[in-house]
Amino acid sequence: MNGRVIRPLLPFSREQIKNYAIDTQLAWREDSSNSSNKYQRNQLRNQILPLLHDVLPQLKTHFAQSLEYLKGSQDMVDDAVLRFRESVIKNTPTGIKINVSQIKNFTNPQAYLYEVVKAYGFHNMIDVMNVVDGQSGKRMVTDEYVLFKDREAVFIEKKTSLVSINQSIDHNNETYHFYGSSMEIEEFVVDDALDIVTQNSDKNILYLDADIVNYPLRLRNWGKGDRIKPLGMKGSKLVSDVLTDSKVSFIAKEKIVVLTWEDEILWVVGIRSSRHGKVTSSTNRLLKLTYII
């Protein structure tokens, strides 16, 4: 069956099946709800179809053939939607990403898009297309999902309810957990700290001069107005601008945390580090923080 339901009697009318059962003396049971027009399917079967058969008597003769044609048409639609998905949609860790520019390559992109977004509860295609054609940041939501525009892509992601993060980091050789991720803290005495940092460049690892930065450190959610003094730059920069420059979606921004020491933001975790506490050629003790997604 290949996972599909087989309906061998579908080509036959109710009248044909009933006559066959009478002729062969087959007993059958009929659900009493079939006679009730309370259900829409019964209204169609008991009221609409008889009228159609009166007006179009050939309908009964060609009904099975029409169903086959409709099934073939549905198969064609399914194949086209599959090609659409493969061309314009990528899975993300939290949902899907839809390439807006590639949508325009399809005839009637709205119809294709509907076949995708309806599974997430988005049925009003006027509103959906307003997001697709709108500015970055435009969005719409259902009870479970959010659909939003971010630059040249539209994302659909599951809504989450997150607890606030505000953790004190007081000891090395420990692991701290947040939002399904973690951070490991290690401390080393080294001969050539600068060489170690240079040889092990990774956005998910932060090295600090342990003689400059002391415990306690703190992990917390970033906030409006937060500023960092980025390594390699003069002055400071809004964390919100750092996230925008790094193309972090507004849903992903909710899970962004910063590492702080006193009033300084040392690290927009996994994205950008500060020049405060940076490792130099005179550094003897290294503090290594590893962000594990």
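Taking P216, P109, P57 in turn, the Gaussian network model of the chain (Cα-Cα springs below 10 Å) assigns the largest fluctuation to P57. Note that the range 263-269 has calculated 3J(HN,Hα) couplings of 9, 9, 8, 8, 7, 7, 4 Hz, one per residue in order, obtained from phi through the Karplus relation 6.51 cos²θ - 1.76 cosθ + 1.60 (θ = phi - 60°); glycine and proline are x.
Residues considered: E184, E264, E68. Largest GNM mean-square fluctuation over the chain, using C-alpha springs under 10 Å, is found at E68. Using 0.36 nm per residue and subtracting the Cα-Cα separation, the extra length available between T94 and Q110 on full extension is 3.4 nm.
In terms of Cα atoms, the Rg and Dmax of the chain work out to 30.9, 101 Å.
One decimal place: the segment E174-L51 gains 36.7 nm when fully extended, by the rule 0.36 nm per residue minus the C-alpha distance. The range 223-237 and the range 124-158 have Cα centres lying 30 Å from one another. A simple rule links phi to the HN-Hα coupling: the Karplus curve 6.51 cos²θ - 1.76 cosθ + 1.60 with θ = phi - 60°, which for the range 96-105 gives 9, 10, 10, 6, 5, 5, 6, 4, 5, 6 Hz, with x for Gly and Pro.
Largest mean-square fluctuation among A153, A27, A210, in a Gaussian network model of the chain whose springs join Cα atoms under 10 Å apart, belongs to A27.
Sorting W261, W267, W222 by solvent-accessible area of protein heavy atoms yields W222, W261, W267, largest first, with a 1.4 Å probe. Using the Cβ-Cβ distance between Q135 and K159 with R0 set to 30 Å, the FRET efficiency from 1/(1 + (r/R0)^6) comes to roughly 0.90. Summed over qualifying helices (DSSP H, 4 residues or more, each -39500 (n - 2.57)) and divided by its residue number, the chain shows a 222 nm mean residue ellipticity of -9000 deg cm²/dmol. Packing-based ranking of 166-172, 236-242 yields 236-242, 166-172, ordered from highest to lowest mean Cβ neighbour count within 10 Å. Could you calculate the FRET efficiency of E262 with I293 from 1/(1 + (r/R0)^6), where r is the beta carbon distance between them and R0 is 25 Å, rounded to 0.05? After rounding to 0.05, the efficiency reads 0.40. The residues neighbouring S273, those whose beta-carbon lies less than 13 Å from its own, together hold a net charge of +4 under the Lys/Arg +1, Asp/Glu -1 convention. Normalised size of the range 168-244, defined as Cα radius of gyration per 2.2 N^0.38 Å with N residues, equals 1.25. Over all other residues within a Cβ to Cβ distance under 14 Å of G225, the charged ones net out to +1, with Lys and Arg as +1 and Asp and Glu as -1. How much of the pair distance distribution for the range 232-292 lies past 13 Å, counting alpha-carbon pairs only, in percent? It works out to 67 percent of all Cα pairs.
The Cα center of the range 85-118 and the Cα center of the range 252-281 differ in position by 36 Å.
The values are calculated or read from the model by the stated rules, or taken from the named source; none is laboratory data. Quick caveat: nothing in here was measured; it's all calculated off a predicted structure. Neighbour counts are summed over all protein chains in view; Cβ atoms, including those assigned to glycine, are modelled from backbone coordinates with ideal geometry. Just so you know, the surface numbers come from the protein's heavy atoms only, side chains and all, with ligands and any DNA or RNA stripped out. Shrake-Rupley method; radii C 1.70, N 1.55, O 1.52, S 1.80 Å.
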